[in-house]
Amino acid sequence: MATHPQEILKKYWGYDNFIPPQDLIIQSILDGHDTFALLPTGGGKSITFQVPILLQEGLCLVVSPLIALMKDQIKNLKSKGIKAELISSEITKSDIEIILDNCRFGGVKLLYVSPERIQSQRFQAVLKTLKISYVAIDEAHCISEWGHDFRPSYLALKTIKELLPGKPILALTATATPYIENEIIRELHLENPNTYRRSLYRENLAYRIHESEDKYQDLIYLLNQFPGASIVFCRTRKDTYELATFLKNEGFDADFYHARLTTEDKNRKQREFIESSSKVLVSTNAFGMGIDKPNVRNVFHLDAPDGIESYIQEVGRGGRDGKKAQGILLVGKEDKKNAFKAFRSGLPKKNEFLFIINKLYNYFQVANHELSQGQKPFSERKFIERFELPKQKTKKILQFLVQQQMIDIKRSQQQSLIKILIRNVEIKDEDKPSERILSYLARNYGGIFLEPLAIDEYKIAQRLKLSSGFVKKTLKQLHEADKIFYRDAAIVKLSFLEPRDDNFIKIGLYKKFENLQRLKWQRLQAMYYFIEDDAICKSQLVLRYFGEKKTPKCGICNVCSPFASDRKLSDSEILDYLSSGNKTSAQVYERFAYVDKNILLNQLQNLLDEEKIKFKIPDIYSI
C-alpha cells in the first residue's frame, strides 16, 4: 500500500518526480490547509488534487465548469484503476442515486460536479451525507467579477465553508493577476491559505505575431510551413464553417467546432481531433479549454482575443508534450481600429443603459419595488424589435444583469413542430437520408401535410439509425428548401431574481457596469500593446502582465527570433525550381513553405532586381 505521494505518482502515473510546486501543494492539502495554486495551462493542476485523495479515506469533491475536461479526466482516472464519477444534467436521476450510494460506501475517490450543482439545495443536503476529505475548485478565477471569465454560478461556492466546515479547499487557476488572486482567496473565504505560484513561462511555446494582408492565404502558407495538429481560433460560428470549408478545399484535414453543435457532434469532433496528429480544427473559443491533447503543434488566432488572459489560456493548448509549439496571431492593418470601434459602438451610455433596463421591466409589467415571480417566455429578438433597441448593447446589458444575478435566462425544451409543405407524391422512394426522413414523417405522423405536428428528433434518429444531430441538420436544410416548415424546440425563459429598484439601478448598478466596462477596455488595450510592442520579448510582456517582473527572454518569439524557421534557402534552389516551367506565386509559396514567407519574398525580389527571374503577366484576352 502506497504511503507517500511519490509512490502514488509512480504507481498510477509512471513519473518518478513531481514538477515543483506540485509536491508542496499536495503536502499542503494533506496537512489540512486551505491552498491557492497558480499553475500554467498544461502545468499539471489535476495531479495536485488527484494524488492526495489516494492517501486518505473519503473522497475529493472537484468543482469545474468544463464538462469536457471532467469527462476526459474521469476516463483517464478509470483507465488507471482510480474510481471517479461525474454528476451532470446529462445523467438520469436513478444513475445519480447510484453514484451517490457508491460515494457513501467508499466506491468513489473523486466526485466531479459543476458549480451550478453546488447551488442546488438538494445537493447541498446530500454533501453532508458524504465523507469528503477536501474540495478542489478548478478555474477558480471564474469567481471574480473583475476576472476575464466571471461566472455567476461560482458565487455559490462561497457556501462550501459553511456546508463542509473544517474541510480544506484547493483553489486552482492558470490565469490570475495578483489582484485576482487576492479576490479568489477573499471570495472563497480561504483561511490563511498556503499560496503557490509557478511561473507561467513556457520555454517550448513561442508567441508570434504575424502581420497579414490576406489571413486565409497566410494561414495556408503557415500550415504548410509548420505541419502538425493545429487549432485555429475564429470569432464567429460562421467564420469557423467558412474557413474549415476553405481549408478542406485546399487539401487540409480540417473540421469546424462551436458551442451550438449537438453534444453528439462535439464529442465526435473532439475525439477525431484528439486521435489525429495532423488535423486542423477551426473553432470559436468554445473549444480547447477542456481538451487534453498534448501534441498540438500550432495555435492560430485569426482575430485578437479580448484580453491577454483569454489569449494565454487558448494559446496554452499548444505544446503540452514539452516539444516545440507556437501560437501565431495573424494581425491585419485595420484590426486594432476595428476592434476599438466595435468596443466603443457596443458600449451603452448611461441613458441607454437605464432606458433598456426600464423597457425590460415594462415588457413584463414589473413595477418599482416589485418582484415578479415565476419563469416567463422570452424572445430577445422580439424584445429588441418591439422597442427598436440596439442589438449589441441590449445583449451586453442582459448578460450583465445575469452576471449580477438580477435576472436568470434559461433555455427549456419542448417538442419541435413540423409541417410538410410538398405533396406526398413528391417524396421520392430513395435511400437518400433527406428522403428517408420525409418518408418516415409522412408515414408516421397523420395530418402532417395539413398542420404543424409535434415531433421527436431523437426518436426519428433512433428509428432511422442516424444521429440526432444529423436529423436536426437535415430538417433545417429541408426547411430552408421550403419542403417543410420546421420549428426547433428551444424556448428561452426569463426569471427576475431581485425586486425592481430604480434608484439602485440608476446609481449603484450603473457604476458597477461602468467600472466593469472600463476594465474590459483596459484589457483590450493591453492585448494590442502586447501585439504592437516589437522591442520587448513577447514572453516577458505576458509574464509582466501576471506580475512576474524579472524573467529571461524566451529566444523564440517574433521579437527574439524574427523568422520562425531555421531553414535556409539558396538562390540556386529557387532558380532550379523555376527553370522547369512557369509557376504561380501560390506554387512557389507551397514549394518553399519550410522557409519564412518574408525571407522568400525578399529573395524573390532580389532575383527580380538582378533580372534572373521575371513575372509573366497573362494576356487579358486569354483569361
Name the lysines eligible as straight-distance cross-link partners of residue 473: C-alpha to C-alpha under 22 Å, and not fewer than 8 places from it in the same chain.
-> 238, 248, 266, 269, 419, 428, 432, 459, 465, 483
Stretched fully, the stretch from residue 535 through residue 95 gains (0.36 nm per residue minus C-alpha distance, one decimal, in nm) 152.6 nm
Residue-ordered couplings for segment 449-457, obtained by feeding phi - 60° into the Karplus form 6.51 cos²θ - 1.76 cosθ + 1.60 and rounding to whole Hz (Gly and Pro as x), are 7, 9, 8, x, 10, 6, 10, 10, 4
Around residue 253, which amide H atoms from residues at least 5 apart in sequence, or from another chain, sit under 5 Å from its own amide H, with H modelled in the peptide plane?
-> 280
Which length gain, in nm to one decimal place, applies between residue 199 and residue 388 when the Cα-Cα distance is subtracted from 0.36 nm times their residue separation?
-> 63.1 nm
What are the ³J(HN,Hα) values, in whole Hz, obtained from phi via the Karplus relation 6.51 cos²θ - 1.76 cosθ + 1.60 with θ = phi - 60°, for each residue of segment 502-512 in sequence order, with x given for Gly and Pro?
-> 4, 5, 5, 4, 5, 10, x, 5, 5, 4, 5
Whose amide H sits under 5 Å from the amide H of residue 137, counting only residues 5 or more places off or on another chain, with H placed in the peptide plane?
-> 63, 170, 171, 172
Express the relative contact order of the chain as a whole percentage, based on alpha carbon pairs under 8 Å and six or more residues apart in sequence.
-> 13 percent
Would you please state the base-10 log of I(q)/I(0) at q = 0.12, 0.19 1/Å for segment 42-198, with intensities from the Debye formula using one equal scatterer on every alpha carbon?
-> -0.48, -1.30
Karplus couplings for segment 12-22 from phi (6.51 cos²θ - 1.76 cosθ + 1.60, θ = phi - 60°), rounded to Hz, Gly and Pro as x?
-> 9, 10, x, 9, 7, 9, 7, 8, x, x, 3
Of all GluC sites (Glu not before Pro) in segment 73-167, which ones are in loop regions per DSSP and have a Cβ with at most 13 other Cβ atoms within 10 Å?
-> 90
Check each of the trypsin sites (Lys or Arg not before Pro) in segment 347-402 and keep only those in coil by DSSP with at most 11 other C-beta atoms within 10 angstrom; list them in order.
-> 349
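Just so you know, all these numbers are worked out from the coordinates, no wet-lab data involved. From a predicted model like this one, the values you see are computed outputs, not experimental measurements. Cβ atoms come from the backbone with ideal geometry, glycine included; neighbour counts cover every protein chain shown.
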